[in-house]
1. Just list whichever of LYS285/LYS305; LYS245/LYS285; LYS57/LYS269 have alpha carbons separated by over 27 Å in the model shown.
2. Could you state the angle between the C-alpha long axis of helix 259-269 and the longest principal axis of the C-alpha atoms of the chain, as a value from 0 to 90 degrees rounded to the nearest 10?
3. What is the Cα convex hull volume of the chain when expressed per residue in Å³?
4. Out of LEU37, LEU342, LEU295, any idea which swings most in a Gaussian network model of the chain, alpha carbons joined below 10 Å?
5. Under a 10 Å cutoff between Cα atoms, tell me which one of PRO282, PRO318, PRO157 has the largest fluctuation in the Gaussian network model of the chain.
6. Given N residues in region 218-349, what is Rg(Cα) / (2.2 N^0.38 Å)?
7. Set the Förster radius R0 to 22 Å, insert the Cβ-Cβ distance between ASP347 and GLU315 as r into 1/(1 + (r/R0)^6), and round the FRET efficiency to 0.05.
8. Whole angstrom only: what separates the Cα centroid of region 247-280 from the Cα centroid of region 120-144?
Amino acid sequence: MAENIYDNGNGGQKTVLTLSEFIIKRQEDFPYAKGELSRLLNSIGLAAKIVNREVNKAGLVDILGEHGTTNIQGETQKKLDVFANEQFIDAIRYRGECCAIASEENDDLIIFDEALAKKAQYVICMDPLDGSSNIDVNVSIGTIFSIYRRKSVDCMPTIDDLLQPGTEQVAAGYVVYGTSTMMVITTGNGVNGFTLDPSIGEFCLSHPNMKIPRTGPIYSINQGYFHDFVDGVKSYVNYCQMHDKPTRRPYALRYIGSLVADFHRNMIKGGIYIYPTTSDSPKGKLRLLYECNPLAFIAEQAGGKASDGYKRIMELKPESLHQREPLFIGSYDMVAKAEEFLQVYKDMEAGIVIP
Ligand code: P6P
């Protein structure tokens, strides 16, 4: 395969661009920062490499199985969940650029010690290891994170620093621990994917300027809950399954049960991922702060769309750290079509008759 040749801007040419080099090269994306955001993204990359090492050994060492605790969601925490959470928190803490973290694995806000917390300018929302129920069966899992500038000044951070709408994100990304390990990030100026080269221990630019196709051949939803879906979702799922060559239907149903893996595949091939409301999850299952918003930022930066079925996800004002929302995310035209179906039923319920 031809080597990827990148112009490093100095007339020379390199065969690889590492995550660290890329972040420094793109420093102009965040003029207000003097390297802090770069250091923060690099610390996340470091933690991802450490987690990747353990994920790849899972099964060989005693890191599978349950940790014997549950998180605020009432979900049993896996050993790797807790390990990953600790790695990301430690890596972020010691770089000194973040004052507080909202993590899926911690009931309450994590606020770093006073000296650090007062000067650091960023806060992070993260799901350190999403899809952990797949760990023991060797299915791809992922990390998801969002970075915001804090709102509080000259004081300890508060929960309001984290309860910001997704439109305030300065950076977001995910790591997918799959057949290869990839880190996909945006700083508000497009989306770029980096593949871990284990031989040099570096994330290297492999997917520059990622764009999600406007439409695609895949829909991702847990079909097992079909009878629980609201009518608008049922009608959209039926639409996906109908034969119609011009729109490449029926779409293929692909559902790994690991959000990052399903989302990443749809980013590459085009598709829609839906986690709607169900009787067990009346507000949806996915968390707004550290699952919906970061992936929505990436989807939109790649030309896609993300909503709760009616409204742009990133405009929702969070009320609590672990707030759940329905999520429709992926190819722009597919999410727009799903919203059309939901709107028809919403209008019918409101007695609005379409002429
Ligand atoms: P269900 C994993 O627990 C997760 O949060 C996502 O990664 C995944 O897409 C979803 O839940 C799977 O949920 O109810 O279909 O098993």
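Values quoted throughout were computed directly from the atomic coordinates according to the rules given, and no laboratory measurement underlies them. What you see is a predicted model; the values in this text were computed from it and never measured. No Cβ is skipped: glycine too gets one built from the backbone with ideal geometry, and neighbour counts run over all protein chains shown.
1. From LYS285/LYS305; LYS245/LYS285; LYS57/LYS269, over 27 Å: LYS245/LYS285; LYS57/LYS269.
2. 80 degrees
3. That works out to 164 Å³ per residue.
4. Among LEU37, LEU342, LEU295, the largest GNM mean-square fluctuation belongs to LEU342.
5. PRO282
6. Relative to the 2.2 N^0.38 Å estimate, region 218-349 comes out at 0.98.
7. Details: r = 21 Å, r/R0 = 0.96.
It comes to 0.55.
8. The two parts, judged by their Cα centres, are 18 Å apart.
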